[in-house]
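Asks: Quick one: the structure is below, and I'll ask about it shortly.
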Amino acid sequence: MANNSKINERVIELFERGIDIPDDETIDAIRAALEELGAVFIPEEGSQGVGVRLKFNQSVTKRLGILESEGGITAKDDVP
């Protein structure tokens, strides 16, 4: 994550642990990196709270893994 966002690992760790809140520019860089890696940020809608999910559901993820292991095209948003 630190490599993709170009943000120091310690800054990310402190943010994840709720010890420190980075500036808006740093948060934007982290969010952009997560989105590039397949995260989708879900806005609050009525009684539904905000959230984060992977770009692909489990079935699609499994099929992508099979294709990639067969020599398919890979990219930075590879899904484990």
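The values are calculated or read from the model by the stated rules, or taken from the named source; none is laboratory data. This is a predicted model, so every value here is computed, not measured. No Cβ is skipped: glycine too gets one built from the backbone with ideal geometry, and neighbour counts run over all protein chains shown. Protein only, heavy atoms only, side chains kept; ligands, DNA and RNA dropped before computing areas. Shrake-Rupley method; radii C 1.70, N 1.55, O 1.52, S 1.80 Å.
Asks: Please find, among ARG53, ARG31, the residue that is free of Cβ contacts under 8 Å to residues at least 40 places away in the same chain and in a strand (DSSP E or B).
Replies: Criteria check complete, one pass: ARG53.
Asks: Condition check: under 14 Å from the mean Cα position of the chain (by Cα), at pLDDT 85 or above, open to solvent by 90 Å² or more (accessible area, probe 1.4 Å) and basic (Lys, Arg). Does ARG10 satisfy that? I'd like the intermediate steps shown before the answer.
Replies: On the way: under 14 Å from the mean Cα position of the chain (by Cα): no; at pLDDT 85 or above: yes; open to solvent by 90 Å² or more (accessible area, probe 1.4 Å): yes; basic (Lys, Arg): yes.
Criteria not met by ARG10.
Asks: Now, a different point. Answer yes or no: is there a residue in segment 34-45 that is assigned to a helix (DSSP H, G or I) and of a type in the set (Val, Ile, Thr).
Replies: Within segment 34-45, the subset assigned to a helix (DSSP H, G or I) is 34-36.
Adding the requirement that they be of a type in the set (Val, Ile, Thr) leaves none.
Within segment 34-45 (the criterion being assigned to a helix (DSSP H, G or I) and of a type in the set (Val, Ile, Thr)), the answer is no, since none of the residues qualifies.
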